[in-house]
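Only one structure is covered here, and it is reproduced in the block below.
The values are calculated or read from the model by the stated rules, or taken from the named source; none is laboratory data. Keep in mind it's a predicted model, so treat the numbers as computed, not measured. No Cβ is skipped: glycine too gets one built from the backbone with ideal geometry, and neighbour counts run over all protein chains shown.
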Amino acid sequence: MALREAQLDRIRNGSFDVLVVGGGINGAVSAAALAGRGASVALVDRGDFAGFTSQESSNLVWGGFKYLEHYELLLVWNLCRSRNRLMRAYPDNIKEISFLASLDKTSPYSPWFSALGAIGYWVIGQFGTRRPRLMRTSTIRAEEPAVNATTVRGGIEYRDAYLVDNDARFVFSFVRSAIEAGASAANYVELVSATRQGDRWKAELRDVDSGETLTTTAKVIVNAAGPFVDGLNSQWGLSTAHRIVYSKGIHLVVPRLTTNDHNRVLAFFDDTQRLFYVIPMGRRSVIGTTDTRIDEPFTAVNDDDRTFLLEQINNRLDLAQPLTVADIISERSGVRPLVVSSSGDDQRNVDWTSLSRKHAIEHDPDKRVVTIFGGKLTDCLNVGEEVAAAVESMGVPLEKDLHNWYGEPAPATRDEFYRQARLMKLDSLRNKQDTEPLTDRLWRRYGRRAFSMLEAIRDDPAMGEDIMDSADYLRVELHLQATTEMITKLEDFMRRRSKIDLVVRDEDIRSSSGLHEVATILFGDDADRRLAEYLEG
């Protein structure tokens with residue numbers, strides 16, 4: 001909490017070049033891009049960072065193969081370019097992964113035609129991944145026995161990328177980058193009002209956790225409120241050429257359905273001829289996503305959602321026992337903010353199933369507001385660069401973009417961490433099956449901050465012990481996160497800084513002997529209150 005208090009002190013009565021409202025992927029990357037180019041930046045979110053739409057993604061970094069169906073070649077080109085950049089910049093966090101699409105007699109495309117599309121996708125993607133291939137039914141049976149190949153005509157294998165950890169943690173990495181570049185950022189800070197006074201915005205903010213009201217000023221506001229951008233613009237009297245419509249998507253997390261030998265995504269067409277996936281997440285599988293038209297941004301998984309996805313996957317996998325609701329470990333439900341023209345049809349008449357996850361950025365030079373509409377995680381670097389260009393066009397001077405506001409530390413720094421970890425035999429500290437080496441995990445999650453963990457484990461071997469039997473976290477990680485990751489509520493750690501809430505059953509978490517110690521490390525004397533708040537939530 002000390003880091004958050006320090007950030008609040010800087011925001012309180014502060015004067016900034018830019019105030020970014022919204023701490024999802026768009027807001028986080030905007031803050032990182034602007035701070036990395038010398039602007040003074042404040043970033044606030046009324047919840048936790050990545051606490052809404054950005055924590056409900058498929059954890060995939062992909063160029064949009066399915067957008068080829070609607071001939072959106074330029075969009076696919078840009079998304080693939082951004083995917084390739086992210087894979088180069090985050091080699092330990094973002095890994096290439098294959099997609100095996102099994103095509104049966106009801107699929108809208110034949111295997112050979114889909115293979116042509118996969119080759120086109122590979123070419124448009126500038127050969128940034130390994131080449132695709134056409135697969136016979138017999139090959140699918142041999143390589144992925146979980147697939148029920150009874151009616152399968154064949155399939156294709158193509159490649160994109162995925163986040164090894166989770167989407168919310170990736171978003172937080174941009175928040176950390178922004179802070180390290182000099183930005184001020186605080187979660188659980190709500191924008192109450194913003195008024196234009198002379199050549200600046202005066203913003204009234206409220207600390208949702210304590211109830212304190214504070215003010216700050218900025219030359220420019222970046223509206224990165226995701227599904228809520230239209231509401232904010234309406235409050236400020238802004239007219240825009242774009243607006244948002246909503247599509248709900250859900251995922252079900254279940255025990256691993258595919259072999260560990262092939263870490264791949266399985267793709268199928270459902271009964272409505274829309275693609276859905278089985279995505280690996282360590283010892284779990286994630287089934288999704290759906291696409292349901294809704295009129296508001298707040299969503300939840302309902303019985304119809306569960307029934308539909310379970311029925312679809314049971315019909316397409318050869319499982320010893322069909323999946324039931326009892327197999328669901330956790331659920332994810334989020335809204336996609338899709339971009340449409342403000343001059344188009346009424347929101348209810350938009351064919352959202354044909355809409356892509358493109359983004360649009362508008363700026364009002366008179367009121368000095370930049371608005372980010374739509375977008376997706378894959379395209380985040382482009383969003384950051386475009387927001388910086390818009391802010392600069394409104395008179396905020398920025399330094400040259402050296403592209404050092406994103407990415408993992410230099411290879412030499414990584415090599416030194418691995419050298420020190422090898423000398424202290426870090427990987428020999430654990431003997432859990434089906435878990436990755438500690439060296440890989442700590443470096444990927446913490447980068448340069450991982451060096452301090454090596455020192456802490458050398459000083460006290462207990463720091464290298466797992467703190468929860470059912471999870472995969474060391475005691476030293478909790479101590480580092482308590483001081484560097486602005487964890488305000490226990491859910492912030494369990495759901496977003498980690499993915500424990502996603503991959504461990506609720507009853508196992510509640511019965512864990514280490515849960516109270518987790519709360520104590522994170523919150524000190526406030527541990528009992530925070531733990532009770534989490535258990536009641």
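Pairs please, first residue from segment 61-77 and farther than 10 Å from Tyr121 by Cβ and in a loop (DSSP other than H, G, I, E, B), second anywhere and at pLDDT below 90 and not charged (D, E, K, R), Cβ atoms under 6 Å, 6+ apart in sequence or on different chains.
From segment 61-77, the pairs are Glu72/Ser356.
Consider Glu408 carefully, then state whether it is surrounded by 13 or more Cβ atoms within 10 Å (Cβ to Cβ), over 22 Å from Ala218 (Cα atoms) and in contact (Cβ under 8 Å) with a residue 40 or more places away in the chain. Give the steps one after another, and end with the answer.
Details: surrounded by 13 or more Cβ atoms within 10 Å (Cβ to Cβ): yes; over 22 Å from Ala218 (Cα atoms): yes; in contact (Cβ under 8 Å) with a residue 40 or more places away in the chain: yes.
Judged against the criteria, Glu408 is a match.
From the list Asp104, Asp92, pick out the single residue that is acidic (Asp, Glu) and touching a strand residue (DSSP E or B) at 6+ places or on another chain (Cβ under 8 Å).
Asp104
Output the qualifying pairs, or none if there are none: Cβ atoms under 7 angstrom, residues six or more apart or on different chains, first residue in segment 295-322 and at negative phi, second residue part of a helix (DSSP H, G or I) and of a type in the set (Gly, Ala, Ser).
Correct list of pairs: empty, since none qualify.
Only one of these is modelled with pLDDT under 95, of a type in the set (Ser, Thr, Tyr) and in contact with a helix residue (DSSP H, G or I) (Cβ under 9 Å, 6 or more places away or on another chain): Ser107, Ser102. Name it.
Matching residue, one of Ser107, Ser102: Ser107.
Which of the numbered conditions does Ile119 fail, given that it passes all the others? Conditions: (1) in a helix (DSSP H, G or I); (2) of a type outside the set (Phe, Trp, Tyr); (3) closer than 30 Å to Thr488 by Cβ.
(3)
Looking only at strands (runs of 3 or more DSSP E) that fall completely inside segment 157-231, which ones have 3 or more residues that are assigned by TED's automatic domain parsing to the domain that holds Thr378 and in contact with a Phe, Trp or Tyr (Cβ under 9 Å, 6 or more places away or on another chain)?
In segment 157-231, the matching strands (runs of 3 or more DSSP E) lie at 189-197, 213-223.
Residue by residue through segment 505-525, note down the ones that are farther than 16 Å from Ala471 by Cα and either loosely packed, with under 12 Cβ neighbours inside 10 Å or free of Cβ contacts under 8 Å to residues at least 12 places away in the same chain (or both).
If the condition is that a residue be farther than 16 Å from Ala471 by Cα and either loosely packed, with under 12 Cβ neighbours inside 10 Å or free of Cβ contacts under 8 Å to residues at least 12 places away in the same chain (or both), then Thr520, Gly524, Asp525 are the ones that fit.
Which of the residues spanning segment 21-50 are under 10 Å from the mean Cα position of the chain (by Cα) and assigned to a loop (DSSP other than H, G, I, E, B)?
Selection gives Gly24, Ala50.
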